[in-house]
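Only one structure is covered here, and it is reproduced in the block below.
The values are calculated or read from the model by the stated rules, or taken from the named source; none is laboratory data. Not measured: the values here are computed from a predicted model. Neighbour counts are summed over all protein chains in view; Cβ atoms, including those assigned to glycine, are modelled from backbone coordinates with ideal geometry. These accessible areas exclude ligands, DNA and RNA; they are computed on the full protein's heavy atoms, side chains included. Shrake-Rupley method; radii C 1.70, N 1.55, O 1.52, S 1.80 Å.
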Amino acid sequence: MPSSISLHSVTAIAYGFRYRAPLKHTCLLYAHQLHSSHRQKSPLFSSSFCRVLNPSFFTGNSLFSRMEQFWSGSAVNRNKGMTEQLRRHGVIKSQKVTEIMETVDRGLFVPEGTPAYVDSPMSIGYNATISAPHMHAMCLELLKDRLQPGMHALDVGSGTGYLTACFALMVGPQGRVVGVEHIPELVAWSIKNVEKSAAAPLLKEGSLSLHVGDGRKGWPEHAPYDAIHVGAAAADVPQDLIDQLKPGGRMVIPVGTFFQDLKVIDKKLDGSISVRSETSVRYVPLTSREAQIKGTA
């Protein structure tokens, strides 16, 4: 496999991370060598992922800056451009996911001053990140059939609220979407973000809610859920989440410690469980609030 990224066009970008704050799903080069059959490419890459050792690559007159110039104009146009790129490269396959990602402006859910529309995870503080757009798109595609109007969805590790807002627009006012995040400051921020977004009416009406809590325990009040998304890697799938998954429902969850796979878990109508691996990923661990803050997980 190629050991570097081709930079022949401005649509190629590189991933990297710092050990003290690992990005949510940055795949290491040697992890991909071991998991080549499940290698996931960023749709904006000309080649496979690589590990960038020099963080200064991402500052100043960097490729990130050039990407922002590439998607010039209003935030609406840049968000649409990001979505079109994901569709062009086959990550987004359905019209529904296209519409949702065009409607929910990613720029409202990232820290001010960060390149919101670049296909990369972004630090949001507290040793947490917001996922890269291609991972959001992938999870929406995997869950879209369980995000029909009137259905219930749970977003564990809801962070800045982006994917929770997407879920809420998909299930509509007759549905129910719950976001659970154990960092109170992130929950407060996510509420403000949603209030500025297209999902604001659903938050006001109560079909969308964001809560401080231990996501490993789910949110029993509105269970069972047709769709469960987990935004951090579990060493083992929490039994509480399996119990709260509706028969016929689907959970998407990264599982593993260093080597991780994005698992798709379906609960059949008879209550039995099937599990398959979608791709290799690298997420921060699903852990306690204290361990996350300390960075000891």
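Here are a few things to note about the model shown:
- Members of the range 189-214 that are in a helix (DSSP H, G or I), open to solvent by less than 40 Å² (accessible area, probe 1.4 Å) and not β-branched (Val, Ile, Thr): SER190, ASN193, ALA200, LEU202, LEU203
- Of the numbered criteria (1) surrounded by 17 or more Cβ atoms within 10 Å (Cβ to Cβ); (2) outside any helix (DSSP H, G or I), the one GLN148 fails is (1).
- In the range 269-297, the residues that are in contact (Cβ under 8 Å) with a residue 24 or more places away in the chain and among the polar types (S, T, N, Q) form Cβ pairs under 7 Å with partners that are open to solvent by 40 Å² or more (accessible area, probe 1.4 Å) and part of a loop (DSSP other than H, G, I, E, B), at six or more places apart or across chains, as follows: SER280/HIS35; SER280/ARG39; THR287/ALA297; GLN292/TYR126; GLN292/ASN127.
- Residues located in the range 113-126, provided they are in a loop (DSSP other than H, G, I, E, B) and open to solvent by less than 50 Å² (accessible area, probe 1.4 Å): THR114, PRO115, ALA116, TYR117, VAL118, ASP119, SER120, PRO121
- Filter result for SER158 (within 13 Å of the chain's Cα centre (by Cα), surrounded by 24 or more Cβ atoms within 10 Å (Cβ to Cβ) and not hydrophobic (A, V, I, L, M, F, W, C)): yes
- Filtering THR160, THR129, THR164 for residues that are under 28 Å from ASN77 (Cβ atoms) and either in a strand (DSSP E or B) or of a type in the set (D, E, K, R) (or both) leaves a single hit, THR129.
- Flag if SER272 is open to solvent by 40 Å² or more (accessible area, probe 1.4 Å) and small (Gly, Ala, Ser): yes
- Listing of strands (runs of 3 or more DSSP E) fully contained in the range 231-297 that carry 3 or more residues being over 16 Å from SER131 (Cβ atoms) and over 19 Å from the mean Cα position of the chain (by Cα): 245-256, 273-281
- Residue in the range 171-185 that is open to solvent by 50 Å² or more (accessible area, probe 1.4 Å) and assigned to a helix (DSSP H, G or I) present: yes
- For the range 131-145, the set of residues classified as open to solvent by 10 Å² or more (accessible area, probe 1.4 Å) and of a type in the set (A, V, I, L, M) consists of MET138, LEU142, listed by residue number.
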